[in-house]
Structures are given as structure tokens and as C-alpha cells.
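Structure record follows, encoded as C-alpha cells.
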Amino acid sequence: MNIEEQKKQRVAKIMLVTMAFTFLFVQGCATIVKGRTQEVTFKSEPEGATVTVTGRALGKTPITVQLDRKSDQVATFEKEGYKSQTVPLTTTITGWFWGNIVIGGLIGSTTDGVTGAFHEYSPSHYHITLPPTTERTARDSIRSDAKTFIISNYKDIYAELNSQPGKYVSSLISILRIPLEKQEDFIKDIKDIVSKYTDIVDFAEQVIKQYVPQ
């Protein structure tokens, strides 16, 4: 083997080593730099909604979690008394994916495609407003009306509870929609409540808490 052939073999070996290192560098470039997961934040109004992503419950809002970088995922927000909401988790292709193609060609981009690392959630923050159900709306209306009535007419309600129930207690029964068969027990209950809670607002909130639960 002459000197010229030996030089060619050395050059070929150097090229092979260089290609191997290049392959290791570009392979999964986005996977290394970006990682296979991404931090995503979920919030809702009201808070306390259960968040489920593609069938997997993550917790209650507000919550920040690490999600696998995947496309075609959806998040569902659910809370009792409110209509559930489902939103797609939109993704874009991270710039590192295109860098892989430029630097590493098909090999680098394929690796990131397998791991899902070329996906990037955009946006990474979701804030959803949950509309109340019809039942919830009606219940909230009763709670609001009852609280306003109790605070505005506390002295008269208190007086009737310590003597003879009259129009004010009857009006409260009507606002709270207490059935006829339970009205006697209701009067006994609020007499007990008024003896324990001397503050007007506290009294109103305790009556509502017991008879119009959330």
C-alpha cells in the first residue's frame, strides 16, 4: 500500500469518526435541549375544577404540571354545579426540529419525532371560565335573595322567632322554598341558629349554608 492510499484511508477514518460524533450530537437535539415534557398551567373560574387530559386526571385548578410533549391532546375542566369545558391543547413545532433537519438531516428529525420532543405546547397557560348549570344559577339566586332578605329584615325576623312567627318568617320560608311538611322543623332550626350566631351576617350565612347548600 503506497503512501497516497494510506492517506486516503486515514481521511476516510477521520470522516467516519466525525460523522459518528455528528450523529450523536444531532440525534434527539430537541429531546436534549427541550426535554420530552413541558410545564403547562391550568386555571379556572371558579377554582377547584378537576382537570383531565386525554382521560388522565391531573388534579384541581389552579395547577401546574409536566405534560409529555404530544399533539392531539385535549383538556377537560369539570366542577359540580358547572358545565364542563373541553379545550384542545394546541402545539407548534419547536425550532430545534428544523435545526435537526438542517444539521442532522432525516436522522435527527426522526429521533425527535419518535420521542415527541419536537412538539411545543402553545399556549402553555389555560384559563377557563365555567358557566353555571341552570340548577346552579337558580340555587345561587335563592342564596342571594335569602341573604339580602335576612340582613335587611333581621330585627323583625329575630322578634318573630322569639314570639310568634309571622310574615317575615313566612317570607323567609317562601324564599328558601321550604316544603310545608318541613316548615315546623325549619323554625326550630333557625331559632337554634339565631341563639348561637348573634352577628347578622353570620346568622344569614348559617341559615343559607344549611338550607341552600352549594
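The values are calculated or read from the model by the stated rules, or taken from the named source; none is laboratory data. Not measured: the values here are computed from a predicted model. For neighbour counting, all protein chains shown are included, and Cβ atoms are generated from backbone atoms with ideal geometry for every residue, glycine included.
Identify the residue in the stretch 190-201 that is within 29 Å of T133 (Cβ to Cβ) and out of contact with any Phe, Trp or Tyr (no Cβ under 8 Å at 6 or more places or on another chain) and, among all such residues, is surrounded by the most Cβ atoms within 10 Å (Cβ to Cβ). Checking each candidate, the answer is I190.
For the stretch 65-91, a residue qualifies if it is over 14 Å from V40 (Cα atoms) and touching a Phe, Trp or Tyr at 6+ places or on another chain (Cβ under 8 Å), and the qualifying residues are F77, S84, Q85, T86. Hey, can you tell me all the residues within the stretch 37-59 that are assigned to a loop (DSSP other than H, G, I, E, B) and in contact with a strand residue (DSSP E or B) (Cβ under 6 Å, 6 or more places away or on another chain)? Those that are assigned to a loop (DSSP other than H, G, I, E, B) and in contact with a strand residue (DSSP E or B) (Cβ under 6 Å, 6 or more places away or on another chain): G48, A49, T54.
For every residue, the table says whether it meets (1) within 41 Å of the chain's Cα centre (by Cα); (2) more than 15 Å from Y211 (Cβ to Cβ); (3) touching a residue at least 12 places away in the same chain (Cβ under 8 Å).
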| position | (1), (2), (3) |
| --- | --- |
| A159 | no, yes, no |
| Y168 | no, yes, yes |
| D189 | yes, no, yes |
| V194 | yes, no, yes |
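P179 - would you say it is surrounded by fewer than 11 Cβ atoms within 10 Å (Cβ to Cβ), under 19 Å from T148 (Cα atoms) and either out of contact with any Lys or Arg (no Cβ under 6 Å at 6 or more places or on another chain) or touching a residue at least 40 places away in the same chain (Cβ under 8 Å) (or both)? Give the derivation first.
Working: surrounded by fewer than 11 Cβ atoms within 10 Å (Cβ to Cβ): yes; under 19 Å from T148 (Cα atoms): no; either out of contact with any Lys or Arg (no Cβ under 6 Å at 6 or more places or on another chain) or touching a residue at least 40 places away in the same chain (Cβ under 8 Å) (or both): yes.
No; evaluated as a whole, the condition is false for this residue.
Of the candidates T37, T52, T86, the single residue that is surrounded by 12 or more Cβ atoms within 10 Å (Cβ to Cβ) and at pLDDT 90 or above is T52. The set of residues in the stretch 134-169 that are surrounded by 14 or more Cβ atoms within 10 Å (Cβ to Cβ) and of a type in the set (S, T, Y) comprises Y154, Y158, Y168.
Let's see how each residue does on (1) in contact with a helix residue (DSSP H, G or I) (Cβ under 7 Å, 6 or more places away or on another chain); (2) in a loop (DSSP other than H, G, I, E, B); (3) closer than 30 Å to K70 by Cα:
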| site | (1), (2), (3) |
| --- | --- |
| T137 | no, no, no |
| K147 | yes, no, no |
| I157 | yes, no, no |
| Y168 | yes, no, no |
| L172 | yes, no, no |
| I175 | yes, no, no |
| I178 | yes, yes, no |
| D192 | no, no, no |
| A204 | yes, no, no |
